[in-house]
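See structure below.
Read-outs: derived from the displayed coordinates by stated rules, not from any lab. Being a predicted model, the structure only gives us computed values, none of them experimental. When we count neighbours, we look across all protein chains shown, and the Cβ atoms used for this are built from the backbone with ideal geometry, even at glycine.
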Amino acid sequence: MSMLTPPGMGGKYRITGDVYPRMRRPHRRRRIVLASAAAVVVLGAAGWGTLQLVDVFSGDGTKTTAGKQADCKPTPKATTAPAAAFPKPAQITVNVYNATPRSGLAKTTADELKKRGFKIGKVGNAPSAYDKKVPGAGLLLGAPAATKGAFPVLGTQLAGTTAKTDTRGTTDVDLILGTAFKTLSPKATADAALVALTKPAPAVKPCR
């Protein structure tokens with residue numbers, strides 16, 4: 001055994017000649033490299049997760065807002081439409097005709113309409129062209145201009161009426177009571193319908 005051989009070492013660690021055994025250090029460098037690589041992977045995963053969370057909480061909101069803006073349509077400056085100019089009951093002359101087999105309906109209906117503020121013109125049985133030929137509650141008959149004036153106002157007094165125009169040159173309108181007629185709408189109901197008719201259109205919510 002050489003005097004350079006450490007005590008207790010023999011076999012393959014025995015020194016002969018000028019060849020010395022290589023004493024390997026612990027693999028610290030490899031461990032450091034592996035630890036660094038693992039740290040990079042963990043940091044990368046954390047960064048990716050953070051980006052995903054940012055997408056979830058901000059990206060979707062952006063898309064939703066964009067969708068809402070696309071659906072939202074520009075509105076005019078005035079968000080409340082003015083009410084249509086309808087005539088008042090006192091400005092409407094109504095001729096009441098009875099087209100049913102029951103007698104007396106024209107007069108009682110005309111009297112009630114008068115109490116509600118309408119002007120009453122002619123009262124009597126319906127002309128032969130309409131006598132017993134009006135199947136609904138009533139028929140409103142008048143000049144074309146009445147469709148945007150007298151017809152809607154008079155229609156609030158009796159549900160289920162239909163309208164028809166003729167060639168008359170006057171502003172009066174006919175109410176021809178049909179076979180399904182029973183009575184005028186209750187006054188409270190008719191008044192509420194009249195108020196709703198003359199109310200301005202509901203406000204349009206502007207885009208934001």
Practice problem: Please give, to one decimal in nm, the separation of the simple spin-label points placed at Lys199 and Lys148, each 7 Å out from Cα toward the Cβ. | Solution: 2.3 nm
Quiz prompt | FRET E, pair Thr183, Lys88, Förster distance 22 Å, beta-carbon r, rounded to 0.05 | solution = 0.45
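Could you give the semi-axes, largest first, of the ellipsoid that matches the stretch 126-173, computed as the square roots of 5 times the alpha carbon gyration tensor eigenvalues and rounded to whole Å?
Working from the Cα gyration tensor, I get semi-axes of 17, 15, 7 Å.
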Self-check item: 5 angstrom amide H check on Gly136, placed H, neighbours 5+ away
Solution: Thr179, Ala180
